[in-house]
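To start, the structure itself, in structure tokens.
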Amino acid sequence: MRRLILMSLFVFCPLAEAERLTVAFGIDKPPYVMGQTRIGLEVDIFREALAVKGHDLLVVHLNNMKLREALDNISQLDAVTTQKPQPDSPWHFVEDFTYYHNFAMSRQADDIDIEEIADLSRYQVVAFEGASEFLGGEFQRLFGKGGSSTRFYQETASQRRQMAMFWTGKAEVVVADKTVFDWYRQSMELQLGTGEPVRYHDIFPDKTWYGVYFRDAIMAEDFAEGLAEIKANGLYDLLYKNYTE
């Protein structure tokens, strides 16, 4: 029924110059990107926004941190997702493609008190790859390259490994999007016994938004218009609810 609702909200507008775009997504961020399966929330949002202008999507997956240079290094790519704007980039940026709501999570039994980002420096923390660049100035000052609190801090490209480190006691705190954390908590329950009570420490201000870089300015404009359309007609929010609730 929900899929029918999604389809009813979408108005297909074929264009004579419709194209198939090859777009690079990250890996291992369910439900946003489901491993390397070419499905997930980000993929659906991108496909629906392109379809407003009649364009089609070919999905490829790259390591999350390799996405930033992918347009420079891979000529076949038309766009890369989940990016922050870079002032020196020659490519065309479309903002507010997708968002994450990051928390610090700890086991309730550990009785860990985290009221602000600086409190994390007292604990063994594992975060998603790129967290030290994406979670704001204070987090970067503490945990970025050359930061003052990196001794007990690490990042991992695999969020499955990140969650396994937390649930096996190799980290006291995990920093991740709450939806990603809850997804893995449910899927790893039989394997690691993830039913233990957890505290969600809401220390990061608001949502963390990411955009998309395009090689071609016209394709960037088409995507921006399509993205605005699916936000205006409610499809964007419905896709989020479909995957995260």
Can you list the lysines whose alpha carbon is less than 25 Å from that of LYS170, not counting same-chain residues fewer than 8 positions off? LYS29, LYS145, LYS178
In whole percent, the fraction of accessible protein surface over region 164-212 that belongs to carbon or sulfur atoms, probe radius 1.4 Å, stands at 48
Please work out the FRET efficiency for the pair ARG122 and GLU17, using the Cβ-Cβ distance as r and a Förster radius of 41 Å; give the result to the nearest 0.05. 0.15
Let me spell out the model: positive unit charges on the Cβ of Lys and Arg, negative unit charges on the Cβ of Asp and Glu, origin at the Cα centre of region 130-245. What dipole size does that give, in debye rounded to 20? 620
Under the definition of Cα pairs under 8 Å and six or more residues apart, what whole-number percent is the relative contact order of the chain? 29
Once the convex hull of the alpha carbons of the chain is built, what does its volume come to per residue, in cubic angstrom? 129
In square angstrom, rounded to the nearest 10, how much accessible surface does ARG20 have for a 1.4 Å probe? 140
Calculated FRET efficiency for the pair VAL60/HIS101, C-beta based, R₀ 25 Å, to 0.05: 0.40
How do ILE74, ILE218, ILE45 rank by accessible surface area computed with a 1.4 Å probe, from largest to smallest? ILE218, ILE74, ILE45
Pick out, from LEU135, LEU192, MET105, the residue whose Cα sits farthest towards the positive end of the charge dipole of the chain, with +1 on the Cβ of Lys and Arg and -1 on the Cβ of Asp and Glu. LEU192
Any idea of the accessible area per residue across the chain, 1.4 Å probe, to the nearest Å²? 49
What accessible area, in Å² to the nearest ten, does a 1.4 Å probe give for GLU189? 100
With all protein chains present and a 1.4 Å probe, the order of LYS170, LYS231 from largest accessible area down is LYS170, LYS231
Two pseudo-spin positions, 7 Å from Cα along C-beta at ASP113 and at LEU190, lie apart in nanometres by 4.1
What is the local net charge at ASP222, summed over the other residues whose Cβ is closer than 10 Å to its Cβ (Lys, Arg +1; Asp, Glu -1)? -4
Rank these by accessible area, largest first, 1.4 Å probe: THR168, THR98. THR168, THR98
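The values are calculated or read from the model by the stated rules, or taken from the named source; none is laboratory data. Bear in mind that the values here come from a model prediction, so they are computed numbers and not experimental data. No Cβ is skipped: glycine too gets one built from the backbone with ideal geometry, and neighbour counts run over all protein chains shown. When the accessible area is computed, the model is the full protein with side chains, heavy atoms only, and any ligands, DNA or RNA have been set aside. Shrake-Rupley method; radii C 1.70, N 1.55, O 1.52, S 1.80 Å.
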